[in-house]
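Enquirer: Mind looking over this structure? Questions follow.
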Amino acid sequence: QKEVEQDPGPLSVPEGAIVSLNCTYSNSAFQYFMWYRQYSRKGPELLMYTYSSGNKEDGRFTAQVDKSSKYISLFIRDSQPSDSATYLCAMRVQGAQKLVFGQGTRLTINP
Amino acid sequence: NAGVMQNPRHLVRRRGQEARLRCSPMKGHSHVYWYRQLPEEGLKFMVYLQKENIIDESGMPKERFSAEFPKEGPSILRIQQVVRGDSAAYFCASSPTGGETQYFGPGTRLLVL
């Protein structure tokens, strides 16, 4: 079983829709949670960074962490074609530096 | 302010050759991380280095792979005697200190023929 599970998709939604992306994990020691966006043939770009449980909002993006369920989510409001990319969740334990990534979800926003 | 730089961006090698991948961290960053991304997979941690020190190499294959981050110059990921299974995108990330946000470079895409 992978430490971090993420549905690879692909996920295709119309422009303006609310997108929900999710990851589950098995290691209860994970304390730091991140979402990266990766455009085709590019490096990952950090979108959201959260510590422990709770919500964090940044513009059209909201990250949620539910440690009791070992479940994290990224919501994208008013989705745009420019949001089309692969979204990777990542997490790490306190004191360790290595990030453990999900497989990534390929998202397409259709105009 | 330049981001993380990696070169070459694309590298083609024949089986048995050596591959050298270079990473220059962001200005002011002294911590470097290497990750490998196989097709249709997420990134997998390989190694974490500070200047002149390997801190965590738990993700490095035991043979043929090595990494360094010298006092001067870029970090180098070296793959000896490459095999087709080494074909992947290799990403470098950097951070100012350990435990902070990791910023990724554009990656080096290695193709082994």
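Values quoted throughout were computed directly from the atomic coordinates according to the rules given, and no laboratory measurement underlies them. Keep in mind that what you see is a predicted model, and the values were worked out from it rather than measured. So basically every Cβ, Gly included, is an ideal-geometry build from the backbone, and we count neighbours across all protein chains shown.
Enquirer: Is the C-alpha gyration tensor of the range A:40-97 telling us rounded, prolate or oblate? Criteria: a/c under 1.5 is rounded; beyond that, a/b larger than b/c is prolate, otherwise oblate.
Expert: oblate
Enquirer: Looking at the protein assembly as shown, how many pairs of lysines come closer than 18 Å at the Cα, when each pair is eight or more places apart or spans two chains?
Expert: So the count works out to 14.
Enquirer: Now for a separate question. What Kirkwood radius, in Å to one decimal, follows from the Cα pairs of the protein assembly as shown?
Expert: 18.1
Enquirer: State the answer as a single residue: which of B:Gly59, B:Pro70, B:Leu113 lies farthest towards the positive end of the charge dipole of chain B, with beta carbon charges of +1 for Lys and Arg and -1 for Asp and Glu, about the Cα centre.
Expert: Of the options given, the answer is B:Leu113.
Enquirer: Can you run the Rg to Rh ratio on the range B:1-98? Use alpha carbon positions and the Kirkwood inverse-distance Rh.
Expert: 0.95
Enquirer: If you don't mind, there's one more thing I want to ask. Among residues other than A:Gly16 whose Cβ falls under 14 Å from its Cβ, what is the net charge (Lys/Arg +1, Asp/Glu -1)?
Expert: Taking every other residue near A:Gly16 into account, the sum is -1.
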